[in-house]
Amino acid sequence: MRQLVQMFAAVFIVAFGLMYATSLLNSSQGYSGGNTLTIYNWGDYIDPDLLAEFEEESGVKVIYQTFDSNEAMMTKIEQGGTTFDISVPSEYAISKMKEENLLLPIDHSKLPNLKHIDERFMNLSFDPDNEYSVPYFWGTVGIVYNPDLLEGEAPTSWNDLWDPSLRNNILLVDGAREVIGFGLNSLRYSLNDTNEDHLQEAKRKLDALTPNVKAIVGDEIKMLLANEEAAVGVVWSGDASEIMTENEKLDYVVPEEGSNLWFDNMVIPKTARNIEGAYAFMNFMLEPEHAARNAEYVGYSTPNKEALALLPEDISGDTRFYPSPELTEKLEVYDNLGKKMLAHYNELFLEFKMHRK
Ligand code: SPD
């Protein structure tokens with residue numbers, strides 16, 4: 001009898017251990033199901049208190065994973081083996097994911113809070129009628145700078161980055177479209193240019209920027225710039241806003257040649273397991289009070305007009321981060337350049353990074 005009890009105990013311990021190990025593995029690899037919701041978002045892109053509140057309100061457990069580029073996110077979802085319920089790609093990535101049949105259509109009747117989104121951010125060309133995506137944040141790419149660390153004037157042009165006085169004093173966002181894009185813009189080419197001569201010219205020009213580039217970094221760019229480790233950074237607008245909250249000396253400019261206007265939207269990948277949970281989460285994030293808190297916490301610009309009205313005037317009225325429609329019309333949105341050309345942009349960016357070593 002004692003032997004039997006010991007055997008049962010051993011089987012129970014092994015089975016329990018296996019279940020626990022599987023659940024750990026699943027949560028680390030993006031598997032969801034049951035009463036869990038797996039969210040795959042950019043790093044530093046949500047107020048953690050909102051996640052906790054969503055869990056409490058809905059009874060759904062959130063498994064949260066992050067990525068640092070559209071390319072990394074798409075590769076992971078394309079490879080399969082994950083069951084992310086929500087992700088947050090940018091516009092050209094949404095267009096590519098649609099093309100590759102990776103997304104589920106959005107049922108608008110399940111999102112009553114979608115009505116709070118400003119019309120200006122709905123029905124954009126990368127996703128007509130918002131068939132597959134729901135606005136989350138938007139912004140620009142520009143230059144954040146510290147006047148105290150500059151020898152010359154404040155930058156106004158992409159070409160100011162090549163000034164010899166900025167030697168080893170520039171940090172760049174680790175993004176292929178952003179870096180190749182400003183290389184092209186500095187030559188007055190479109191940041192969607194696919195002409196090989198223009199791309200090679202931009203690459204050579206970027207290589208010549210190398211002595212001024214201190215580092216190409218991810219989310220730590222905010223801490224480095226706020227701590228005055230470099231005079232200048234090429235960043236997404238929301239990061240600039242957060243940096244400037246930390247260090248009020250800094251300022252942000254969208255260069256005169258033009259730049260990128262981007263949109264990050266929530267999507268439901270086709271392999272989602274908890275579709276009802278995904279709608280509940282999107283609706284929760286679209287609630288004006290939640291969207292306003294999220295915008296204030298992460299520093300990015302909300303497309304939610306009711307949320308905007310709840311934000312303090314020093315945020316909602318700051319035209320550096322809420323530029324007018326007249327200004328944004330002059331900026332360019334990244335096009336889905338197709339699989340081959342997007343891979344080519346990535347290669348050029350990698351070669352630029354290698355050139356620095
Ligand atoms: N740390 C959050 C960064 C999110 C930035 N998304 C911008 C995408 C531009 N294509």
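For the subset of segment 229-253 comprising residues that are in a loop (DSSP other than H, G, I, E, B) and touching a Lys or Arg at 6+ places or on another chain (Cβ under 8 Å), which member is surrounded by the most Cβ atoms within 10 Å (Cβ to Cβ)?
As a first pass, look at segment 229-253 and keep what is in a loop (DSSP other than H, G, I, E, B): 229-231, 247-250.
After this cut, where a residue has to be touching a Lys or Arg at 6+ places or on another chain (Cβ under 8 Å) as well, the list is 229-230.
Numbers: E229: 17, A230: 24.
Filtering first and then ranking leaves A230.
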* To do: Filter segment 236-295 down to the residues that are within 15 Å of the ligand (Cβ to nearest atom) and charged (D, E, K, R), then identify the one that is nearest to L331 (Cα to Cα).
  => D264
* Asked: Which residues, counting only those in segment 139-177, are surrounded by fewer than 22 Cβ atoms within 10 Å (Cβ to Cβ), within 16 Å of the ligand (Cβ to nearest atom) and in a helix (DSSP H, G or I)?
  -> A176
* Asked: So K330 fits all but one of (1) charged (D, E, K, R); (2) surrounded by fewer than 17 Cβ atoms within 10 Å (Cβ to Cβ); (3) modelled with pLDDT of 95 or more; what number is the exception?
  -> (3)
* How about segment 199-257: which of its residues are more than 19 Å from G181 (Cα to Cα), touching a strand residue (DSSP E or B) at 6+ places or on another chain (Cβ under 7 Å) and among the aliphatic types (A, V, I, L, M)? -> L224, L225, A230, A231, I243, M244, L250
* Mind telling me which of the residues T271, T245, T194 ends up being among the hydroxyl-bearing types (S, T, Y), outside the structural domain of H344 (by TED's automatic domain parsing) and over 19 Å from L166 (Cα atoms)? => T271
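Identify the residue in segment 44-85 that is assigned to a helix (DSSP H, G or I) and of a type in the set (D, E) and, among all such residues, is most open to solvent (accessible area, probe 1.4 Å).
E56
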* Return yes or no: is I39 under 18 Å from L286 (Cα atoms), assigned to a loop (DSSP other than H, G, I, E, B) and either under 21 Å from the mean Cα position of the chain (by Cα) or not assigned by TED's automatic domain parsing to the domain that holds H290 (or both)? => no
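The values are calculated or read from the model by the stated rules, or taken from the named source; none is laboratory data. Only a predicted model underlies this, so the values are computations on that prediction, with no experimental measurement involved. Ideal geometry is used to build each Cβ from the backbone, glycine not excepted, and the neighbour counts take in all protein chains shown. Just so you know, the surface numbers come from the protein's heavy atoms only, side chains and all, with ligands and any DNA or RNA stripped out. Shrake-Rupley method; radii C 1.70, N 1.55, O 1.52, S 1.80 Å.
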